[in-house]
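Trainee: Below you'll find the structure I mean.
Each value in this text was obtained by applying a stated rule to the coordinates, not by laboratory testing. Being a predicted model, the structure only gives us computed values, none of them experimental. Every residue, glycine among them, receives a Cβ derived from its backbone with ideal geometry; neighbour counts consider all protein chains shown.
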There are 2 protein chains.
Amino acid sequence: MAPKGVGYMPRLDLDGNSGYFNSLTDRIFKQIENDILYGKYQPGDSLIETKLSRELNVSRTPIREALRQLEREGLVQSIPNKGVIVKGISVQDIEDIYTIRMMIEGLAARWAAEKITEKEIEELKEVVDLEEFYTTKNDPSHLLKFDSRFHEILFRASKSKPLMHMLSMFHHYIQRARNISLSTPERAQKVLEEHKAILKALMERDAEKAEKLTNEHIKNASINFLKHKEEIEKL
Amino acid sequence: MAPKGVGYMPRLDLDGNSGYFNSLTDRIFKQIENDILYGKYQPGDSLIETKLSRELNVSRTPIREALRQLEREGLVQSIPNKGVIVKGISVQDIEDIYTIRMMIEGLAARWAAEKITEKEIEELKEVVDLEEFYTTKNDPSHLLKFDSRFHEILFRASKSKPLMHMLSMFHHYIQRARNISLSTPERAQKVLEEHKAILKALMERDAEKAEKLTNEHIKNASINFLKHKEEIEKL
DNA sequence: CTTTGTATAATTGTATACAATTATACAGTG
DNA sequence: CACTGTATAATTGTATACAATTATACAAAG
């Protein structure tokens, strides 16, 4: 089932670089977002268009468009005629997001169990296989990617645009914290088992069980986060 | 308490036009968003930059920036090199949003009860007074505005950026449905009473009660929405 | 009649120019 | 020394120019 051999390079979507960079604006957006999420730009920093323009070797137009998008996401704040300052995601924000997810993500699993397609189940199976592979290989960065993908597919399977939109955003925002969690082999192993159980419930179309298992999954993730909170606070 | 007299024009924030149009991009964004929310642009329509540019008498730059923002909100979808098409908010989306709000908005009220400031309580009092005024005057469009403001203040009082962000967005998206609800005098009256009760709980810093009352408030709103669902589907 | 190729038009993507606004430095004044 | 006014620079806001891509119309071929 799981890919074998050391040199094997699994491919689901070109190297996991999902969302090939379509336009410059898109690439710039992801770049700056990442730099905010991983602390290159700290809260309070001001982002100057011409400077970013020089650094990233593009004109101001795509920079501005990216900044407007980041503003909508709440990652930066734009003050008219003055500039944009970084807001970022605080540790408190992450804690809040876990609390919200505990109340909502089970609903996504419930709806997914009712509406998931065969194709989506196949996608999930493949992702879980890859998670197994990278768990044994102890590779947190790939794990993070496929953990993201697992939840993305789940959200998509719920067939609810608002739910999907909101949960994707939240999940994406807390990736720094998730990265740290998945770096602990025990937690990584636990995540894998929980995903397997959720997948099983989805395959059986057992909405009740899928909801319950997912709620527990998020609860465990939340507990794990609280354990590592100080560690994250240092960044 | 409540403003008296027929000609009285209450002012909390210049005519309720909250968020004076800062930049062109901002104005254009709100304009197009509104036109999508109220059905001028229907799902599937394609938005052409030059056309919008002519219609709104601005250059393409602010149009593009606004469209990129709308894309982030999920209200439009942009296909690289082809253009943007309207997605909009479907009746199913609205129903989902009510379901999500039923699970989350109580949390906002709970946190608000714990963290609300005196200033915010004063703001809420004033808003409730105005709601009372416009309820007796039977003025749905003003009611919608102050209903929005009531919830916005509540979200803000929770002191949670993610919660606030998400609930504001949702609340904003379903305004067409809320507008119809508030046009029914009985529902308008009920909303007023529920807001008063929530405000009272907040003033008493009774988190438990605030949460419970808010959950009931959303539940009632949801029930009311489902009653008017067909009516909204026609638009 | 359908299909395919190609020129033309329409549209989006990116860069740049200019205007408006805000920040900074510094001299003069009390 | 603090404060204020003003010139200059830095930065953002908007419009436009040009390039790249995609859609459309229409003729030629099968």
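Trainee: List the trypsin sites (Lys or Arg not before Pro) within the range A:23-123 that fall in a DSSP loop (any state other than H, G, I, E or B) and whose Cβ has at most 14 other Cβ atoms within 10 Å.
Mentor: Passing both the DSSP loop test and the Cβ count: A:K40, A:K82.
Trainee: Using only atoms on other chains, find how many Cβ atoms lie within 10 Å of each Cβ of peptide A:94-100 and report the average.
Mentor: Mean shielding by partner chains, rounded to a whole number: 5.
Trainee: Size of chain B along its principal axes in angstrom, Cα-based, largest extent first?
Mentor: Ordered largest first, chain B gives principal extents of 56, 39, 34 Å.
Trainee: I need A:S168, A:S46 ordered by Cβ neighbour count within 10 Å, fewest first.
Mentor: With the sparsest Cβ surroundings first, the list reads A:S46, A:S168.
Trainee: Over 5 Å intervals from 0, what percent of Cα-Cα pairs in the range A:146-235 sits in each interval?
Mentor: Final binned percentages: 3, 13, 22, 26, 20, 11, 4, 1, 0.
Trainee: Can I ask one more? Using a Gaussian network model on chain A with a 10 Å cutoff between Cα atoms, which of A:N215, A:N22, A:N81 fluctuates the most?
Mentor: Highest fluctuation of the listed residues: A:N81.
Trainee: Partner chain Cβ atoms within 10 Å, averaged over the residues of A:158-169 - can you pull that number for me?
Mentor: The mean count of partner-chain Cβ atoms within 10 Å per residue comes to 6.
Trainee: Right, another one. Using only alpha carbon positions, build the gyration tensor of the protein assembly as shown, then give the equivalent ellipsoid semi-axes as the square roots of 5 times its eigenvalues, largest first, whole angstrom.
Mentor: So the three semi-axes of the protein assembly as shown are 38, 28, 22 Å.
Trainee: Please report, in whole Å, how far the alpha carbons of the range A:52-170 spread along each principal axis, starting with the longest.
Mentor: Over the range A:52-170, Cα extents along the principal axes are 50, 32, 28 Å.
Trainee: Using alpha carbon centroids, what distance separates the range A:193-227 and the range B:198-217, in Å?
Mentor: Centre-to-centre (Cα) distance: 31 Å.
Trainee: May I have the convex hull volume per residue, in Å³, for the Cα set of the range A:17-114?
Mentor: Once divided by residue count, the hull of the range A:17-114 is 135 Å³.
Trainee: Another question, then. How large is the dipole of the protein assembly as shown about the Cα centre if only Lys and Arg carry +1 and Asp and Glu carry -1, each at its Cβ, rounded to the nearest 20 debye?
Mentor: 800 debye
Trainee: Further question on the same structure: Rounded to the nearest 20 debye, what is the charge dipole size of the range A:36-158 about its Cα centre when +1 sits on each Lys and Arg Cβ and -1 on each Asp and Glu Cβ?
Mentor: Around 760 debye, computed over the range A:36-158.
Trainee: Which order results if A:L202, A:L52 are arranged by neighbouring Cβ count within 10 Å, fewest first?
Mentor: A:L52, A:L202
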